[in-house]
1. For the ranges 139-145, 69-75, what's the packing order if you count other beta-carbon atoms within 10 Å of each residue, average per peptide, and put the highest first?
2. Can you tell me the length gained on complete extension of the stretch Arg73 to Trp90, counting 0.36 nm per residue apart and subtracting the Cα distance?
3. Any idea which of Met50, Trp37, Thr3 is furthest toward the positive side of the dipole for the stretch 1-76, if Lys and Arg beta-carbons carry +1 and Asp and Glu beta-carbons -1?
4. Would you report the distance distribution of C-alpha pairs in the stretch 23-110 as whole percents per 5 angstrom bin, up to the bin with the largest distance?
5. Quickly rank 155-164, 3-12 as a protection proxy: mean count of other C-beta atoms within 10 Å, highest first.
6. Can you compute the charge dipole magnitude of the stretch 1-76 about its Cα centre, using +1 on each Lys and Arg Cβ and -1 on each Asp and Glu Cβ, nothing else charged? Give it in debye, rounded to the nearest 20.
7. Once a ≥ b ≥ c are taken as the square roots of the eigenvalues of the Cα gyration tensor of the stretch 1-49, is the result rounded (a/c under 1.5), prolate (a/b larger than b/c) or oblate (a/b not larger than b/c)?
Amino acid sequence: MQTQQNIEDRLWSFIDGTAEASEKSVIEKLLETDAAWKTKYRELLEVNEMLRSSELEEPSLRFTKNVMEEIARLHIAPATKTYINKKIIWGIGFFFIAMLVGFLIYGFGQMAFAPTGEESEISKTVSKVDFSKFFNNSWVNGLMLVNVILGLFLLDNYLGNKRKQYRKEA
């Protein structure tokens with residue numbers, strides 16, 4: 001037996017005229033013989049007539065202009081340059097630079113410079129430095145990585161601003 005939804009789908013395609021010729025003949029035979037199909041067909045025809053007779057509301061010709069005027073009356077949020085304090089951003093940047101310098105000082109403090117005899121030159125002692133003590137903690141390495149990345153972002157932002165200023169002057 002067919003479901004109610006299937007019957008409605010087939011009847012709507014019949015009413016709309018989108019059903020194929022073989023489907024139309026089958027539905028016509030069902031409408032002549034089956035009472036459930038007849039009642040559902042009448043209900044759907046009434047709904048179809050109500051839909052056709054109802055008028056669609058159209059917006060006025062000035063609708064777009066009215067909407068734009070209403071939006072213009074509202075205060076739109078200003079650009080981020082106007083409400084973000086640049087001193088705070090620079091302070092954060094200097095903090096990360098200070099952290100980077102601090103970690104470098106810490107790392108160089110962990111290295112053991114031990115010149116022996118005539119090999120007192122820095123170039124000769126650097127080859128004998130024990131680099132295993134230099135930043136051997138994974139947390140220190142992770143913080144250094146984050147600081148380097150943030151420092152590069154800060155440098156990129158600084159150079160981008162310089163480029164914009166140069167273009168405005170030219």
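Read-outs throughout are calculated quantities, based only on the coordinates presented, and are distinct from any laboratory measurement. Bear in mind that the values here come from a model prediction, so they are computed numbers and not experimental data. As a convention, Cβ positions derive from the backbone with ideal geometry for all residues, glycine included, and neighbour counts pool all protein chains shown.
1. 139-145, 69-75
2. 2.6 nm
3. Met50
4. Values per bin, smallest distances first: 3, 9, 7, 7, 6, 5, 5, 5, 5, 6, 6, 5, 5, 5, 5, 6, 5, 4, 2, 0.
5. Put in order of decreasing packing, that is 3-12, 155-164.
6. Roughly 120 debye, rounded to the nearest 20.
7. The shape class here is rounded.
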